[in-house]
Amino acid sequence: MLDKVKELIGEVDAFQSSNVEEIEAFRIKFLGKKGILTDLFAEFKNVAEDERKEFGLYINTLKNAAQEKVTFLKEVIENAKGFKTKYGDLTRPAEPIELGNRHPISLVKNQIVDIFSRIGFTVSEGPEMEDDWHNFTGLNLPEHHPARDMQDTFFLQKNPDMLLRTHTSSVQMRYMESHQPPIRTVSPGRVFRNEDISARSHCIFHQVEGLYIDTDVSFADLKQTLLYFTKEMFGKSKIRLRPSYFPFTEPSAEVDIYWGLETEVDYKITKGTGWLEIMGCGMVDPNVLKNVNIDPTKYSGFAFGMGIERIAMLLYQIPDIRMFYENDVRFLEQFKSVR
Ligand code: DAH
């Protein structure tokens, strides 16, 4: 007899169902008026006296187990109903949520802008489709000037006076037309050149232009500003300004930073010299100031321009400029931890 009850307890424990009718049938079978438990309680008087206590314990266990099982299974059904209507099925595994990240060009651009904004530079932008005046002539690069060949240009077919800007120096012109000194501004943006695409150069890339105009601005101010920038950006505190030529600045210089020669990569990227060229700069040519009606006898200033891709390639050791534009997620995902 006792064994039979134990067997029934096992049956109750093993019972599983999500079907309302099945659960009801189970309830009637065990707990109904003519159910197993009623029979067992009726059997009680036939059990030998010394076994009654144990028998009583077991049928109570069976009764509780059957009741709990019915309540539990009904609850599961009720809960599932609630979840489905309100939140969908909450028992399903969660979808993995992919976090996005910024493009390395944006990361570096933001960093450059942030460094200059800490010393009072504003951010300005100009159009990518530009006219000849703002991109060339106004910047002291008249038609037929040989320096125009330094930048192969995409002209618009319908209007040859219009072009895709070859540098962000065009934004200097626009900014000075609409603002009076003192001027401190950086202008990030996309530029275009009709060049063959290779690992080192692309026909579309990005620059940041800087402009500072005020009374008594000197070349020393330029050098100190750039030194501050290279310290913040690269953590390098040695720079040199090499004489160079740009039509819109006089004197002009190319800025090199001392990168060091600690690793094999350092040797490779600096061609064994330890020095790296990172931008062009100079004192704004008085002709340029005249072109925007700023009096060059009263004001002077400096300007500089740098390529964002080049800096990103240095910082993250990216070997091929084309990687920036392919949008291969395996490349882009590497910048997830960078802010
Ligand atoms: N516009 C130049 C280029 O694209 C970079 C540059 C050089 C900008 C000197 C400047 C500057 O403002 O002063 O190569």
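Observations on the model:
- The trypsin sites (Lys or Arg not before Pro) of the range 117-182 that meet both conditions, a loop assignment by DSSP and at most 10 other Cβ atoms within 10 Å of the site Cβ, are Arg118, Lys158.
- Set of aspartates and glutamates with alpha-carbon distance to Lys298 below 14 Å, sequence-local pairs under 8 removed: Asp214, Asp216, Asp285
- Considering only Ser170, Trp133, Leu73, the residue lying farthest towards the positive end of the dipole of the chain is Leu73, judged by Cα position with unit charges set on Cβ.
- With every protein chain in place and a 1.4 angstrom probe, the accessible-area ranking of Cys203, Cys281, largest first, reads Cys203, Cys281.
- Excluding ligands, DNA and RNA, the accessible surface per residue across the chain is 58 Å² with a 1.4 Å probe.
- Computed on the range 62-187, the Cα convex hull volume stands at 261 Å³ per residue.
- The share of accessible area on the chain that comes from carbon and sulfur is 51 percent, using a 1.4 angstrom probe.
- The share of C-alpha pairs in the chain whose separation exceeds 26 Å stands at 64 percent.
- For the chain, modelled as a GNM whose springs connect Cα atoms under 10 angstrom apart, the maximal fluctuation among Thr61, Thr215, Thr166 occurs at Thr61.
- Placing +1 on the Cβ of every Lys and Arg and -1 on the Cβ of every Asp and Glu, with no other charges, gives the chain a dipole of roughly 640 debye about its Cα centre.
- Residue pairs, from the table Lys231/Lys268; Lys4/Lys45; Lys6/Lys69, whose Cα atoms sit over 19 Å apart: Lys231/Lys268
- In straight-distance terms, cross-link reach from Lys271 covers every one of the aspartates and glutamates whose alpha-carbon lies under 15 Å from its own, apart from those fewer than eight places away in the same chain; here that gives Asp256, Glu262.
- Each Cα pair under 8 Å and six or more residues apart adds its separation to the average, and for the range 104-335 the resulting relative contact order is 21 percent.
The values are calculated or read from the model by the stated rules, or taken from the named source; none is laboratory data. A quick note: this is a predicted structure, and the numbers were derived from the prediction, not measured. Please note: Cβ atoms are built from the backbone with ideal geometry, for glycine as well, and neighbour counts cover all protein chains shown. Heavy atoms of the whole protein, side chains included, go into the accessibility calculation; ligands, DNA and RNA do not. Shrake-Rupley method; radii C 1.70, N 1.55, O 1.52, S 1.80 Å.
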